[in-house]
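S.K.: The structure under discussion is supplied below as structure tokens; questions concerning it will follow.
The values are calculated or read from the model by the stated rules, or taken from the named source; none is laboratory data. No experiment lies behind these values; they were computed from the predicted model shown. Note that we place each Cβ from the backbone using ideal geometry, even for glycine, and neighbour counts take in every protein chain shown.
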Amino acid sequence: MTSGFVVDRDVEIPMRDRTLLRADVWRVPGEPRPAILYRTPYDKSALKMEPLTPERCVRAGYAAVVQDTRGRFASDGEWDTGIWETEGLDTYDTVEWVAARDWCDGGVGMSGVSYAGIVQWLGAMLRPPHLKAIAPAMTTSAAHDPQTTGGALRLSHLAGWLAFMAPDWLRRQPVKGQRRGIAAVLRYLDSPLEQMRKLPLARILEVPDSPLSLARMLEKGSAYGPRVRTQDVGVPTLTLTGWFDIYHAPSIALFAELAERDPDRHQLLVGPWSHSGALPQYQGELNFGLGAAGEYGPTPERVLAFFDAHLKGVRAKRQPADPVRYFMMGTNEWRTARSWPPADSAPSLWYLREGGRLAMHPPQDDEPADDYVYDPHAPSPTHGGRVLNLGELVGGPLNQRHLEERADTVVYTGPALVEPVEVAGQVTASLSFASSAPDTDIVIKLTDVFPDGRSILVCDGALRTRYREGFDSEKLLTPSVPETCPVDLGHTAWRFEPGHRMRLLVTSSNFPHIDRNPNTGRPTGQDAAGIVARQSVFHDAARPSLLRLPVLATRDR
């Protein structure tokens, strides 16, 4: 017994196909309690990156069950990418097994980040009778995921995640080419950036006929992603994400779908975080204060209050009236809203203008286009933003000044602000754009230029131009013919202070966060080399280019 509770290790839980999955059960001996279930592929004994830890659950009057998913660590079975249907069934079976234990009162909730959040959606869609509520953090869905990179491949995320999953898989495969697999993974871990430069992409993580093969994942395409049908989710949800989370847009979209049908049962919580359940107060170069820290801030208590309401029937004395709770970066404070974006958010248009200006007045006459050259063999490097912090990348709000000086980047800067501007919602841009190539990428970054000259990244987005009319079809460019290209920069909540300036960076790469577009128009991953593209950004009266900011109405600030 540890501090009043016990931890039963490697408890066997049978699935419907007789596969045994194993879990650690955290509980206090005595009266049965509701249980919180975590299902993770990342080792149940190392569950540290969670907004709500198992120990905190136990101290708050719950049992906690932490399970290794199928084919991972202590659990039996075979793991593979894209076994989402099986994960849903395993979640259902585990929920019902937990509910039947004598230490559980029959009520089960679920918590967990990333993969451990995705399995919550998949299980909830099957409606296990004893599942009462879920709190998925930083999750995605195949239907919404492409918008986060405009159809480009999130290369560092996929390659880094496969390498992260590799050691346990290789340990369990003594016969299936383990030596070659170990060598490929070690090469990646030793020099991830060098390995991600390989073309064609299939040469990255060459572990044939295995879940670790990037080539195999490319062949699957969108089929490897989880398909979440919110209309099948019948329990209350608390969706958590962060402004710098790679999955922030899918998380918000899933909440919005649920809230549209039943706003009183679903909540959204968005902090200033990247894709990490630890929820640190420091992101990039900024300190957002103790209120943003997962361990010391209000987030764990908010999650517990959600479970108390739906598993214990206990309403907090200060139960939130508004279902949306979000962190306003800049003021570094939590705010609430009835919906997302907030009702008092309205679009503000900023136009790209001659001379590198960003202005609120559209062009009235002809203005010369801004041209640059994009060479896929010399891409603009990833520096901050919404990245998976594996390998050599650092995410969050980092200074972009050194990237603004590149010849393959054009920059537009607004005037020094007289009044504060608070942005809350989805940021988008529309460029009148032409390329000498049949397909290329547009990458846009919005930064906050501080009086000391720092240009801090607020949000960014990309578009693979073949998807400019939607992700269901591809349409190549006619070389040198201008097209209207929409770019989604994602959601944010950021206060631009007086004396600061808004700045927009336009380029055609963000490597290795997204794969380099070789400019050939061929399917992703097939090219062994690329060609140079000459790009043009138009901003005249007939072909305007603009930024849409969701700006909050004036308030006491």
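S.K.: Based on this model, can you work out whether Leu546 counts as under 27 Å from the mean Cα position of the chain (by Cα), of a type outside the set (Lys, Arg), under 24 Å from Asp344 (Cβ atoms) and at pLDDT 95 or above?
M.R.: yes
S.K.: Next question, about the same structure. Hey, among Ala424, Ala407, Ala378, which residue is modelled with pLDDT of 95 or more, assigned to a strand (DSSP E or B) and not polar (S, T, N, Q)?
M.R.: Ala424
S.K.: If I go through segment 509-543 residue by residue, how many of them are of a type outside the set (Asp, Glu) and more than 17 Å from Val481 (Cβ to Cβ)?
M.R.: 21
S.K.: How many residues does segment 337-348 hold that are closer than 12 Å to Asp322 by Cα and surrounded by 13 or more Cβ atoms within 10 Å (Cβ to Cβ)?
M.R.: Number satisfying all stated conditions: 4.
S.K.: Kindly provide the set of residues from segment 478-518 that are out of contact with any Gly (no Cβ under 8 Å at 6 or more places or on another chain) and closer than 26 Å to Arg197 by Cα, ordered by number.
M.R.: Leu505, Val506, Thr507, Ser508, Ser509, Phe511, Pro512, Ile514
S.K.: Looking only at residues in segment 56-106 that are among the basic types (Lys, Arg) and in a loop (DSSP other than H, G, I, E, B), which one is farthest from Val233 (Cα to Cα)?
M.R.: Among residues in segment 56-106 that are among the basic types (Lys, Arg) and in a loop (DSSP other than H, G, I, E, B), the one farthest from Val233 (Cα to Cα) is Arg72.
S.K.: Do the conditions hold for Gly109, that is, is it more than 27 Å from Gly30 (Cβ to Cβ) and either touching a residue at least 60 places away in the same chain (Cβ under 8 Å) or surrounded by 22 or more Cβ atoms within 10 Å (Cβ to Cβ) (or both)?
M.R.: Considered against the rule, which asks whether it is more than 27 Å from Gly30 (Cβ to Cβ) and either touching a residue at least 60 places away in the same chain (Cβ under 8 Å) or surrounded by 22 or more Cβ atoms within 10 Å (Cβ to Cβ) (or both), Gly109 comes out as no.
S.K.: Still on this structure, please answer the following. Out of all the residues in segment 165-173, is one or more in contact (Cβ under 8 Å) with a residue 60 or more places away in the chain and in contact with a Lys or Arg (Cβ under 8 Å, 6 or more places away or on another chain)?
M.R.: Taking every residue of segment 165-173 in turn, at least one turns out to be in contact (Cβ under 8 Å) with a residue 60 or more places away in the chain and in contact with a Lys or Arg (Cβ under 8 Å, 6 or more places away or on another chain).
S.K.: Could you list, in sequence order, the residues of segment 442-474 that are of a type in the set (Asp, Glu) and within 20 Å of the chain's Cα centre (by Cα)?
M.R.: If the condition is that a residue be of a type in the set (Asp, Glu) and within 20 Å of the chain's Cα centre (by Cα), then Asp460 is the only one that fits.
S.K.: Right, here's the next one. Take segment 26-68 and flag every residue that is crowded, with 22+ Cβ neighbours inside 10 Å, among the hydrophobic types (A, V, I, L, M, F, W, C) and modelled with pLDDT of 95 or more.
M.R.: Scanning segment 26-68 gives Trp26, Ala35, Ile36, Leu37, Cys57, Val58, Ala63, Ala64, Val65, Val66.
S.K.: Here is a list of conditions, (1) surrounded by 23 or more Cβ atoms within 10 Å (Cβ to Cβ); (2) among the small types (Gly, Ala, Ser); (3) more than 27 Å from the chain's Cα centre (by Cα), and Ser536 meets all of them except one; can you say which number that is?
M.R.: (1)
S.K.: Right, here's the next one. What residue, of Pro438, Pro415, is over 21 Å from the mean Cα position of the chain (by Cα) and under 23 Å from Pro200 (Cα atoms)?
M.R.: That would be Pro438, the only listed residue that is over 21 Å from the mean Cα position of the chain (by Cα) and under 23 Å from Pro200 (Cα atoms).
S.K.: Shifting gears a bit: Condition check: part of a strand (DSSP E or B) and over 29 Å from Ala529 (Cα atoms). Does Ala416 satisfy that?
M.R.: In short, no.
S.K.: Looking at Glu85, Glu78, Glu50, which one is among the acidic types (Asp, Glu), in the same structural domain as Lys132 (by the TED database) and farther than 30 Å from Val207 by Cα?
M.R.: Glu50
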